[in-house]
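Asks: Sharing a structure below in structure tokens format, with a few things to ask.
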Protein chains: 2
Amino acid sequence: MRARDLAEPYPTVALDDQALDAARLLAVHRLPGVLVVDGPGTPRALLPASQLVRLLVPGYIMEDPTLAAVIDEAHADRLCEALTGLRVRDCLPTDAPAPSVADADDTAVEIATLMARTRSPLVAVVERAPNGPRNPAPGRLLGVITASHLLHRLLGNP
Amino acid sequence: MRARDLAEPYPTVALDDQALDAARLLAVHRLPGVLVVDGPGTPRALLPASQLVRLLVPGYIMEDPTLAAVIDEAHADRLCEALTGLRVRDCLPTDAPAPSVADADDTAVEIATLMARTRSPLVAVVERAPNGPRNPAPGRLLGVITASHLLHRLLGNP
């Protein structure tokens, strides 16, 4: 069981994609987060759905949460307008950690160890291009291994 | 849009349930975490799938991750045996934060604010029993609101 066999397709967004499109992707697929990539093979960050929710809440409410109770329904319906015009790169927390990245040939135990050490809910699997001065290509994203999928496979499921 | 209308069913486990059953639940539903409850209405913790993966990795590999590469396939297939006999309460990190809990009457903006302040991927919705010395009942869990479901609804979806 190698990372290339465990990797599954997973929605990604690019740094310059619209934040609203990222929110729609998270909403449609009911995902806890989306993988942000830079080019075809470079995972850059994990954008959690909760971070986008955070951007919807007006600053004065974050400072005084008791004000949240007095916002009316009509205003609530317009909360998502806060994302209009923002790009994915504008939404990433400044302290967003780089996502965990496994090599396509890593074993299940190596992936579990990486996940355990980084306490990461998912690991991106990248097939690295052969090294060499003539091949500076950054590699290719094969997919993602979530913690629950790894558990699924380690529990003996095909 | 109140918490009671936004809440959705979500898998839960009890503190004394078997850890292996919690792992199977996470694996089957492909969830990033499961809600741990104490009785019918008291959310106690969120058990992330990555925490269970962490418990599978032998201590000597956590100390020296380079050893992960030399574990053979047969051993990998038996990793989940590490959970045998453990209860959910044994798997919770000692620093596991209490889950975010919303009242059934909270508005969408209050839930978004709670989620934003706690950076939580989900909020448990509890209908509290009426206060009074004759009714010490702890309330009833109505379900869970994930960040992606909240985005879904705030984006105007029914």
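The values are calculated or read from the model by the stated rules, or taken from the named source; none is laboratory data. Because the structure is predicted, anything quoted here is derived from the model rather than measured. Cβ sites come from the backbone with ideal geometry, for glycine too, and all protein chains shown count toward neighbours. We work out accessible area using only protein heavy atoms, side chains counted, and drop any ligands, DNA or RNA first. Shrake-Rupley method; radii C 1.70, N 1.55, O 1.52, S 1.80 Å.
Asks: Among what's in the stretch A:117-132 and is in contact with a strand residue (DSSP E or B) (Cβ under 6 Å, 6 or more places away or on another chain) and under 22 Å from B:L31 (Cα atoms), pick the residue that is surrounded by the most Cβ atoms within 10 Å (Cβ to Cβ). Don't jump to the end; show me each part of the working.
Replies: Taking the stretch A:117-132 and keeping what is in contact with a strand residue (DSSP E or B) (Cβ under 6 Å, 6 or more places away or on another chain), we get A:118, A:120, A:122-127.
Filter once more, keeping what is under 22 Å from B:L31 (Cα atoms): A:118, A:120, A:122-125.
Numbers: A:T118: 15, A:S120: 20, A:L122: 26, A:V123: 29, A:A124: 26, A:V125: 27.
Checking each candidate, the answer is A:V123.
Asks: Something else: If B:T94 meets every condition in (1) more than 19 Å from the chain's Cα centre (by Cα); (2) among the hydroxyl-bearing types (S, T, Y); (3) modelled with pLDDT under 90 apart from one, which number is that one?
Replies: For B:T94, the exception is condition (1).
Asks: Of the residues B:L141, B:L114, which single one is open to solvent by 30 Å² or more (accessible area, probe 1.4 Å), more than 12 Å from every other protein chain (Cβ to nearest Cβ) and within 17 Å of the chain's Cα centre (by Cα)? Steps first, please.
Replies: Details: B:L114 fails: more than 12 Å from every other protein chain (Cβ to nearest Cβ).
Unique residue meeting the criteria: B:L141.
Asks: Can you find a residue that is under 16 Å from the mean Cα position of the chain (by Cα), within 29 Å of B:L26 (Cβ to Cβ) and of a type outside the set (D, E, K, R) anywhere in the stretch A:56-69? Walk me through it before giving the result.
Replies: So the first thing to find is which residues in the stretch A:56-69 are under 16 Å from the mean Cα position of the chain (by Cα), and the list is none.
So far as the stretch A:56-69 goes, no, none of its residues is under 16 Å from the mean Cα position of the chain (by Cα), within 29 Å of B:L26 (Cβ to Cβ) and of a type outside the set (D, E, K, R).
Asks: Where in the stretch B:6-87 are the helices (runs of 4 or more DSSP H), entirely inside, with at least 1 residues that are facing chain A (nearest Cβ under 10 Å) and either open to solvent by 60 Å² or more (accessible area, probe 1.4 Å) or in contact (Cβ under 8 Å) with a residue 12 or more places away in the chain (or both)? Please lay out each step first, then the result.
Replies: Details: elements: B:19-29, B:49-56, B:59-63, B:73-76.
Result: B:19-29, B:49-56, B:73-76.
Asks: Return the only residue of B:P93, B:P97 being within 11 Å of chain A (Cβ to nearest Cβ), farther than 25 Å from A:P158 by Cβ and not in a helix (DSSP H, G or I).
Replies: The unique qualifying residue is B:P93.
Asks: Could you figure out which of (1) surrounded by fewer than 20 Cβ atoms within 10 Å (Cβ to Cβ); (2) under 22 Å from B:T146 (Cα atoms) isn't true of A:A98?
Replies: (2)
Asks: Of the conditions (1) within 12 Å of another protein chain (Cβ to nearest Cβ); (2) part of a helix (DSSP H, G or I); (3) modelled with pLDDT of 90 or more, B:D105 clears all except one; give me its number.
Replies: Result: B:D105 fails condition (2) only.
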